[in-house]
1. Name the long-range amide H neighbours of residue 275: under 5 Å, sequence gap of 5 or more, or other chain; modelled H, no Pro or chain starts.
2. Counting only trypsin sites (Lys or Arg not before Pro) that are in a DSSP loop and have at most 10 other C-beta atoms within 10 Å, tell me the longest site-free stretch of the chain.
3. How many percent of the accessible area of region 1-146 is carbon or sulfur, using a 1.4 Å probe?
4. Output the 0 to 90 degree angle, nearest 10, between the alpha-carbon long axis of helix 263-272 and the longest principal axis computed from the alpha carbons of the chain.
5. Could you give the dipole magnitude of the chain about its Cα centre, charging the beta-carbon of Lys and Arg +1 and that of Asp and Glu -1, in debye to the nearest 20?
6. Sort region 134-279 into rounded, prolate or oblate with this rule: let a ≥ b ≥ c be the square roots of the eigenvalues of the Cα gyration tensor; rounded if a/c is under 1.5, and if a/c is not under 1.5, prolate when a/b is larger than b/c, oblate otherwise.
7. May I ask you to list the GluC sites (Glu not before Pro) in region 122-199 that are in a DSSP loop and have at most 12 other Cβ atoms within 10 Å of their Cβ?
8. For a quick check of your reading of the filter: which GluC sites (Glu not before Pro) in region 4-111 sit in a DSSP loop and have no more than 14 other Cβ atoms within 10 Å?
Amino acid sequence: MEHKNVTFADHNRGRAPIEQLLRQATHTLAEAGVENPRREARLLLQHVLGLSPEQMLALSPRSTVEPAGYLEVVARRARHEPFAYITGQKGFWTLDLAVSPASLVPRGDTETLVSCVLDHMPDREAPLSVLDLGTGTGCILLAVLSEYPQAWGVGVDINPQAAALAAGNAVRCGLAGRATFMAGSWMEALAPEARFDLVLSNPPYIPSHDLTELMPEVRHHEPVRALDGGRDGLDAYRQLCADLPARLKPGGAGVFEIGIGQEAALRALAAENNLDVTEVRADFEGIARAVVMRRRPI
């Protein structure tokens, strides 16, 4: 790595051909164990140059650029900093969101929750009230609000920086008038009488002893508090299931993301708290990812 950095530094006195930079960056990323190193090298250069994909494709390999900024982001990626933290943005559902180390990077798996909501609440004009617990970037709440123009929602995150990030994303997506974000601990942040048509959450669900096995992008860079689900990964679900019945309006639903192998435990927790699991939906890889719960009739 030191040798390659010296090679890169030789270019800092002037401009360097794009193809040469891409070749060296690809080698650096490959040696660091980054997946798809050539693709990542190109995407990082596209980001640094501020180009669209079409503009990037139109560039001649012989075109020259100032290498310094590019070499900096390549070094960051080689240290397994998540790509989205470097670019500061990530797509989710139909939205373009700002991201930061204050929250998890939104993932495609989590879009499964949004698809569940659309199927279980088919009236797109319904004035739904929505609560998103552990909101992070606000991705789930904002995606749902984007599909229900009469809905409004509240996002809660224990990290004030994450709540501020989500509020900024609401502005970015043109949804600030229907979304409120606050820092607090789960439902304790809410007024006792608050009730909702939808309660959403992607809580921490990784068992503590499995955290060391996560890929380095997650283990070393994403917030541990948003990942660590306690000894068995179920700490957050125990609290969510205990509190959910009192927070749902009649006919309301809770939609939670779950981890691999947690379906049976969530069904048991639901039953203990007077809740019925009405659907468990798999993500695009066939893994059970979203659980839909409703309060049992009295």
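The values are calculated or read from the model by the stated rules, or taken from the named source; none is laboratory data. Since the model is a prediction, treat every value here as computed from it, not as a measurement. Virtual Cβ from ideal backbone geometry, glycine too; neighbours counted across all protein chains shown. Surface accessibility is based on the protein's heavy atoms, side chains included, excluding ligands, DNA and RNA. Shrake-Rupley method; radii C 1.70, N 1.55, O 1.52, S 1.80 Å.
1. For residue 275, the qualifying residues are 296.
2. 63-230
3. After summing per-atom areas, the C and S share lands at 52 percent.
4. Roughly 30 degrees between the two axes.
5. Dipole magnitude for the chain comes out near 520 debye.
6. oblate
7. Here the sparse-neighbourhood loop sites are 125, 193.
8. Passing both the DSSP loop test and the Cβ count: 35.
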